[in-house]
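Please read the structure below before turning to the comments.
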Amino acid sequence: MALSLRPLRWGDEEVAVRWGADDEFCLATGWTPRLPPGHLREHWQGILATHDPGFLRLGIERDGALVGFVDLAGLDGQSAEFGIAIGERALWGQGVGRAAGRLLLGLAFAELGLRQVRAEVHLTNARSHALMRRLGFVAVGQGQSEEYRGAVVPLVRYALQREDFASRRDTD
């Protein structure tokens, strides 16, 4: 599996429109199900057209195809919030999220010089909790509650320090 992160480019919005037609993907990622394709297309085109120094979204490419994306939000030179979505459901549970997450964290700590990366996961999202642990994140508290899969659930806050990522070995 050849996996890499790359800048988003024009045309990627059509892949996002396809992901947006998958209700299960939308429920898992917090996207609104059944949004009109034009709405999703415009949203992604806005991301492509805008340079926000506090937000980085990169495409996850596997064997030449866009299969998801990773985010660093709230970039302030010291820390950021981690986000990830694998748009191709057939790849869920195949290690793509873990591999892409490791690439993004390597970029965050080594290239961007961040000291900490944070994440928030809905309490009932078992897959995301497992991914956070595999990447080395540690639960540090509970956040606000918000809707996830039709129920209001608390968010679990995670953090990963640069030195912990640098010294971490896989625990799989």
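Which residue is nearest to Thr124 (Cα to Cα), if the candidates are limited to region 44-63 and must be free of Cβ contacts under 8 Å to residues at least 24 places away in the same chain and over 13 Å from the mean Cα position of the chain (by Cα)? For region 44-63, the residue satisfying everything is Gly54. Working only within region 1-27, note down all residues that are outside any loop (DSSP other than H, G, I, E, B), under 23 Å from Ala151 (Cβ atoms), touching a residue at least 60 places away in the same chain (Cβ under 8 Å) and not aromatic (Phe, Trp, Tyr). Within region 1-27, Glu24, Leu27 qualify.
Among the residues of region 26-34, not a single one is over 15 Å from the mean Cα position of the chain (by Cα), crowded, with 19+ Cβ neighbours inside 10 Å and among the basic types (Lys, Arg).
Please indicate, with yes or no, whether at least one residue in region 136-145 is at pLDDT 90 or above and either in contact with a Ser or Thr (Cβ under 7 Å, 6 or more places away or on another chain) or at positive phi (or both). Scanning region 136-145 turns up at least one residue that is at pLDDT 90 or above and either in contact with a Ser or Thr (Cβ under 7 Å, 6 or more places away or on another chain) or at positive phi (or both).
Filtering region 32-41 for residues that are assigned to a loop (DSSP other than H, G, I, E, B) and under 25 Å from Arg157 (Cβ atoms) leaves a non-empty set. Taken as a whole, region 14-23 holds at least one residue that is among the aromatic types (Phe, Trp, Tyr), within 18 Å of the chain's Cα centre (by Cα) and over 25 Å from Leu114 (Cβ atoms).
The values are calculated or read from the model by the stated rules, or taken from the named source; none is laboratory data. Please read these numbers as outputs of a predicted model, since none were measured by experiment. Note that we place each Cβ from the backbone using ideal geometry, even for glycine, and neighbour counts take in every protein chain shown.
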